[in-house]
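Just so it is clear, none of the values below were taken in a lab; they were calculated from the coordinates. Model, not experiment: these values are computed from the prediction. All Cβ positions, glycine included, derive from the backbone under ideal geometry; neighbour counts span all protein chains shown.
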Amino acid sequence: MKVLLVDDAAFVRMSLKEILDKTEYEFTYVEAATGADAVHLYKAHHPDVVIMDITMPEMNGVEAVEKIKEIDEHAKIIMCSSMGYQEKVVDAISAGAVDFIVKPYTADKIVHAIEKALKLT
Ligand SMILES: [Mg+2]
């Protein structure tokens with residue numbers, strides 16, 4: 001399945017890929033470093049699931065969720081945040097994100113969130 005990884009830090013996207021590559025599922029990736037890129041790439045690739053950072057330059061994660069949901073009301077977006085961003089996570093959920101993961105990411109947390117979002121289990 002196709003995953004859109006959105007984070008302004010390249011090493012975070014890389015570690016997400018490493019984690020996902022070790023799971024039982026087969027993923028292909030599209031990567032974005034800003035909320036604006038995420039919106040463009042969503043339109044172009046229609047990924048099955050989006051893993052979205054909250055704080056990014058050029059459109060934050062919450063705004064990007066709003067825009068993506070305008071493009072596709074069924075978009076499955078999982079928010080990622082550090083501790084201390086609970087308020088923004090609430091905003092993201094009300095904008096239409098399906099779930100959130102708090103850093104540090106673990107394979108269990110991510111896979112569980114994806115399975116839940118796509119109703120794989
Ligand atoms: Mg960030």
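What do you get for trypsin sites (Lys or Arg not before Pro) in region 1-35 restricted to DSSP loop and a cutoff of at most 16 other Cβ within 10 Å of the site's Cβ?
Those that pass, being in a loop and sparsely packed, are 22.
Ranked by Cβ crowding within 10 angstrom, fewest neighbours first, how are 105, 85 ordered? Write out the running numbers ahead of the final one.
On the way: 105 17, 85 21.
Placing the least packed residue first, the sequence is 105, 85.
Can you work out ³J(HN,Hα) from phi for every residue in region 3-18, in order, using Karplus 6.51 cos²θ - 1.76 cosθ + 1.60 and θ = phi - 60°, giving whole Hz and x for Gly and Pro?
For region 3-18, the Karplus curve yields 10, 9, 9, 10, 7, 6, 9, 4, 5, 5, 4, 5, 6, 4, 4, 4 Hz.
Hey, what do the phi angles of region 76-87 turn into as Karplus ³J(HN,Hα) couplings, whole Hz, using 6.51/-1.76/1.60 and θ = phi - 60°, x for Gly and Pro?
Each residue of region 76-87 in turn: 9, 10, 10, 8, 10, 8, 7, 4, x, 10, 3, 4 Hz.
Just to check I understand the Karplus step: with θ = phi - 60° and J = 6.51 cos²θ - 1.76 cosθ + 1.60, what whole-Hz values come out for region 51-58, glycine and proline as x?
In residue order, the calculated couplings are 10, 10, 5, 8, 9, 8, x, 6 Hz.
Rounded, prolate or oblate: which fits region 1-71 when a ≥ b ≥ c are the square roots of the eigenvalues of the alpha-carbon gyration tensor, with rounded for a/c under 1.5 and prolate only if a/b beats b/c? Don't skip to the end; give the middle numbers.
On the way: a/c = 2.37, a/b = 1.40, b/c = 1.70.
Cα axes put region 1-71 in the oblate bin.
How would you rank 34, 106, going from fewest to most other Cβ atoms within 10 Å of each one's own Cβ? Numbers along the way, then the final one.
On the way: 34 19, 106 11.
Going from least to most buried by this count: 106, 34.
Please give the contour-minus-distance gain from residue 2 to residue 115: 0.36 nm per residue of separation, less the Cα-Cα distance, rounded to one decimal in nm. If you can, show how the numbers build up before the last one.
Details: separation 113, 0.36 × 113 = 40.68 nm, distance 1.33 nm.
Using 0.36 nm per residue and subtracting the Cα-Cα distance, I get 39.3 nm.
Find how much the distance from residue 108 to residue 29 grows on full extension, using 0.36 nm per residue of separation minus their present alpha carbon separation; answer in nm with one decimal. Don't jump to the answer; show the numbers that get you there.
Numbers: separation 79, 0.36 × 79 = 28.44 nm, distance 1.88 nm.
Here the segment from residue 108 to residue 29 would lengthen by 26.6 nm.
Count the net charge of all other residues whose Cβ sits under 14 Å from the Cβ of residue 42, scoring Lys and Arg as +1 and Asp and Glu as -1. Could you put the intermediate results ahead of the total?
Numbers: positive: 2, 43, 67, 69, 76; negative: 31, 37, 48, 63, 66, 70, 72, 73.
Counting the neighbours of residue 42, the net charge comes to -3.
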